[in-house]
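Asker: Sharing a structure here in structure tokens format.
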Amino acid sequence: MEVRTNNAPVRARPKVAVFKFASCDGCQLSLLDCEDELLAVAEAIQIAYFPEATRAVIDGPYDISLIEGSITTLHDAERIHEIRKQTKTLITIGACATAGGIQALRNYSNVNEFVNVVYAHPEYISTLRTSTPISDHVKVDFELNGCPINKAQLIELISATLNNRRPLIKAHSVCIECKSRGTTCVMVSKGEACLGPVTHAGCNALCPSYHRGCFGCYGPNETPNTASIAERFSILGLTSAEITRLFRLFTTESEAFRDESRKHANGS
């Protein structure tokens, strides 16, 4: 879109909206934590809707919508379709939006039992049986993994989208990050289960740097050999139930982790 000032065309700044669904707000806080980087980005965009940061609201349509959180209610299932209709480029940010989040553990249990135990008046609670990623409901143009997301990756993604280029976000596994920072492999040195070989990079191998196995916060990488890593876990002495739990953490509804967890939940 262009506007004219003194008969000279001036390109209007793209409108960006940030929407929240079922989540902890951690990924939105990562955006606010960008500080100096965010100031530079803010000069190139118009933040039209971002309740976490401002009460100002500018109506759509929006050039970019950043979506945090999963779909857990009928109202949200309807709302995401309305957002999709008024958005040119829809980007999901974080494990909840891309893979259902930790709350997707409800998908393997009876959610009504949880409601009856937690709430004094469960009759007032209206919720879906499942927690599902945004892509299960509408077309998503790009997914940014993480719990929470990597703020540098987010800035790069926004910049790439504004400039119509492919984002420079590496697709390798956490193992590469361990090698880059000289972190000793916890599976080799300690015999500890680690999802690093099948998990998307982005956290700078945070957990292995503290001598703990990767929990898979960034979800499966592009070609995860989950069957092989699960076999390794068995060699390390993990039971089927323990292997199932490893794949059912922050990104339990990502296809690769979900399918592998089901294999072991069935005792195979």
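Derivation of every value follows stated rules applied to the coordinates shown; laboratory data play no part. None of the values given here were measured: they were computed from a predicted structure. FYI the Cβ positions are ideal-geometry reconstructions off the backbone, even for glycines, and counts take in every protein chain you see.
Asker: Rank the residues Glu192, Glu260 as a footprinting-exposure proxy: fewest other Cβ atoms within 10 Å of their Cβ go first.
Answerer: Working: Glu192 15, Glu260 24.
With the sparsest Cβ surroundings first, the list reads Glu192, Glu260.
Asker: Okay, moving on. If each of Thr73 and Ala120 carries a label point 7 Å out from its Cα toward its Cβ, how far apart are those two points in nm?
Answerer: 2.0 nm
Asker: Would you calculate the volume per residue, in Å³, of the smallest convex hull containing every Cα atom of the stretch 174-265? Don't skip to the answer; put the middle values down first.
Answerer: Details: hull volume 7.3 nm³, N = 92.
Value for the stretch 174-265: 79 Å³ per residue.
Asker: So if I place +1 on the C-beta of Lys and Arg and -1 on the C-beta of Asp and Glu, and nothing else carries charge, what would the dipole magnitude of the chain be about its Cα centre? I want it in debye, nearest 20.
Answerer: 380 debye
Asker: Okay, next question. Fewest first, what order do Ile158, Ile47 take by the number of other Cβ atoms within 10 Å?
Answerer: On the way: Ile158 25, Ile47 18.
Ranking Ile158, Ile47 by Cβ neighbours within 10 Å, fewest first, gives Ile47, Ile158.
Asker: Which one, Thr72, Thr184, Thr98, has the greatest fluctuation when you compute a Gaussian network model over the chain with C-alpha springs under 10 angstrom?
Answerer: The residue with the greatest mean-square fluctuation here is Thr184.
Asker: Just name one of Pro208, Ala56, Leu128: the one whose Cα is farthest towards the positive end of the charge dipole of the chain (beta-carbon charges, Lys/Arg +1, Asp/Glu -1).
Answerer: Toward the positive end, the furthest listed residue is Pro208.
Asker: Assign unit charges at the C-beta atoms only (+1 for Lys and Arg, -1 for Asp and Glu), then state the dipole size of the stretch 174-265 relative to its Cα centre in Debye, rounded to the nearest 20. Don't skip to the answer; put the middle values down first.
Answerer: On the way: 10 positive and 9 negative charges, 49 e Å.
Dipole magnitude for the stretch 174-265 comes out near 240 debye.
Asker: For Arg13 and Ser240, calculate 0.36 nm times their separation in residues minus their Cα-Cα distance, and state this gained length in nm to one decimal. Could the numbers behind the result be given before it?
Answerer: Numbers: separation 227, 0.36 × 227 = 81.72 nm, distance 5.27 nm.
Contour length minus Cα-Cα distance gives 76.5 nm.
Asker: Which of Thr252, Cys194, Cys217 sits closest to the plus end of the dipole of the stretch 174-265, meaning its Cα is farthest towards the positive end, when Lys and Arg get +1 and Asp and Glu get -1 on the C-beta?
Answerer: Of the options given, the answer is Cys194.
Asker: Moving on. Quick query: amide H of Gln46 versus all other amide H atoms, modeled in the peptide plane; which residues come in under 5 Å with a sequence gap of 5 or more or a different chain?
Answerer: So Gln46 has HN proximity to Lys15, Val16.
Asker: A follow-up question, please. Neighbouring Cβ atoms within 10 Å as the yardstick, rank Ile58, Ile45, Ile134, Ile229 fewest first.
Answerer: On the way: Ile58 12, Ile45 16, Ile134 29, Ile229 22.
Result, fewest neighbours first: Ile58, Ile45, Ile229, Ile134.
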